[in-house]
Amino acid sequence: MAAAPVAPPPASADDEIVYESMPCIRVYKNRVERYFGTEFVAASTDAATGVASRDVVISPNVSARLYLPRLDDGGSGSAAKLPILVYYHGGGFCLGSAFNPTFHAYFNTFAGLANVLVVSVEYRLAPEHPVPAAYADSLDALAWVVSHLAAAAGDDADKRDPWIAGHADFSRLYLGGESAGSNIAHHMAMRVAAEGLAHGARIRGLVMIHPYFLGTEKVPSDDLSPEVRENLGSLWRVMCPTTTGDDDPLINPFVDGAPPLASLACGRVLVCVGEGDVLRDRGRNYYDRLRASGWPGEAEIWQAPGKGHTFHLLEPSCNEAVAQDKVISDFLNR
């Protein structure tokens, strides 16, 4: 007599998929598998550009990789002062790292081109640490950077990073990021508007590269890829489980309840968008609404023809990526 078929064991919670965006990430009910952005590369001095990097621990939850360009100035390099860019990486709040090869290669090139001191922030990732954890970590990183303005005396002197203490020109303090990192940079500027920064520090400008904003109000670029647009909404709801949805002020800076754009705590903003990016018109709206808000600063926008979201990280040597880097470099040094 044939044996009765054996029923498969019931699926466990560990096998229940909550969200996936392959080939990058799969979120199960009780665990997360990341297939992209978790690789680590050590800090070093880049042979091609002379840019040096080193890692710092800011708090138990926050660290950063610093990039210092080669200081070829006739022997006075020890006193050279540079613009400082506090940078928040993207990845939908759930992917990426300041220590992965993609961002490391990007900043070895960019810091050398722009001649800026970069602080590339490593914040905790969702969904293990849901949004707004990334905002809290990013604010801690910014506070640590500006703490270097305190007098170098007593115990405080031992806590100051020598690269920042020796080379940062705090009259040229910028925040920036791409995708979710742009979202973070915007919210850091809004927090500064509400609370200020220690030691009289001020943010000179924001660099917003392909910003990750959403909203229930449709924009033309949504139609470039409805599937991707829907995926971005699903991503947000998983990474910020307490959200009210696509019109949450954390993801839509134009809705009632969002801090007024007119209060943005900087004097200059550069928005970079890609013509083929489903988020293109969200970025354009940020630029347009900022200019119309009564904000007293100067806003600029630059569009990469034919290119998609974060193309500059995927194709760092293409003509459009080189052009975008030049636009950002000029913005930081103007």
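FYI, it's all coordinate maths here, none of it is from the lab. Just so it is clear, the structure is predicted and the values come from calculations on it, not from any experiment. Please note: Cβ atoms are built from the backbone with ideal geometry, for glycine as well, and neighbour counts cover all protein chains shown.
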Distant-in-sequence amide H partners of GLU20 (H built 1.01 Å from N, under 5 Å): VAL27
If each residue of separation counts as 0.36 nm, what is the full-extension length gain between ILE17 and TRP302 once their alpha-carbon separation is subtracted? 98.8 nm
Sorted by Cβ neighbour density within 10 Å, fewest at the top, the residues CYS24, CYS94: CYS24, CYS94
Contour minus end-to-end for GLU195 and SER171, with contour as 0.36 nm per residue of separation and end-to-end as the Cα-Cα distance? 6.7 nm
Quotient of Cα radius of gyration and Kirkwood radius for the chain, i.e. Rg/Rh, equals 1.01
Please list, ordered by chain and number, the residues whose modelled amide H lies under 5 Å from the amide H of GLU298; skip anything fewer than 5 residues away on the same chain. ARG268, VAL269
Would you please classify the overall shape of the range 146-304 from the alpha carbon gyration tensor, given that a ≥ b ≥ c denote the square roots of the eigenvalues, rounded means a/c under 1.5, and beyond that prolate means a/b larger than b/c while oblate covers the rest? prolate
If you filter the range 203-265 for trypsin sites (Lys or Arg not before Pro), then keep DSSP loop positions with at most 15 other Cβ within 10 Å, what is left? LYS218
Residues meeting the amide H criterion for SER63 (H placed from the backbone, H to H distance under 5 Å, 5 or more places apart or on another chain) are ILE58, GLU122
What is the fewest-to-most order of TRP144, TRP302 by other Cβ atoms lying within 10 Å of their Cβ? TRP302, TRP144
1/(1 + (r/R0)^6) with r = Cβ-Cβ of CYS24 and ALA136, R0 = 25 Å, i.e. FRET efficiency to nearest 0.05, evaluates to 0.55
Subtract the Cα-Cα distance of GLU275 and ARG202 from 0.36 nm times their separation in residues, and report this length gain in nm to one decimal. 23.0 nm
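Using the number of other C-beta atoms within 10 angstrom as an exposure proxy, rank VAL192, VAL41, VAL219 with the fewest first.
So the residues, fewest neighbours to most, are VAL41, VAL219, VAL192.
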Which of the three applies to the range 258-334, rounded, prolate or oblate, going by the alpha-carbon gyration tensor with a ≥ b ≥ c and a/c under 1.5 meaning rounded? oblate
With each run of n ≥ 4 DSSP H residues scored as -39500 (n - 2.57), what mean residue ellipticity at 222 nm is computed for the chain after dividing by its residue count and rounding to the nearest 500 deg cm²/dmol? -9500 deg cm²/dmol
Pairing the Cα long axis of helix 101-114 with the longest principal axis of the chain, what angle in degrees results, from 0 to 90 and rounded to the nearest 10? 30
Nearest 5 percent is fine: what portion of the DSSP beta bridges confined to the range 197-328 is antiparallel? 0
So, with points 7 Å from each Cα along the Cβ direction, the SER234-LYS81 label distance in nm works out to 5.1
Length-normalised contact order of the range 245-286 in % [C-alpha pairs under 8 Å, at least 6 apart]: 20
Out of the chymotrypsin sites (Phe, Trp or Tyr not before Pro) in the range 201-285, which ones are loop residues according to DSSP with at most 15 other C-beta atoms within 10 Å? none
Between the range 63-135 and the range 277-303, what is the C-alpha centre distance in whole Å? 24
The chain: relative contact order in percent, alpha carbon pairs under 8 Å with at least 6 residues between: 15
What FRET efficiency comes out for the pair VAL57/LEU314, r = Cβ-Cβ distance, R0 = 30 Å, nearest 0.05? 0.50
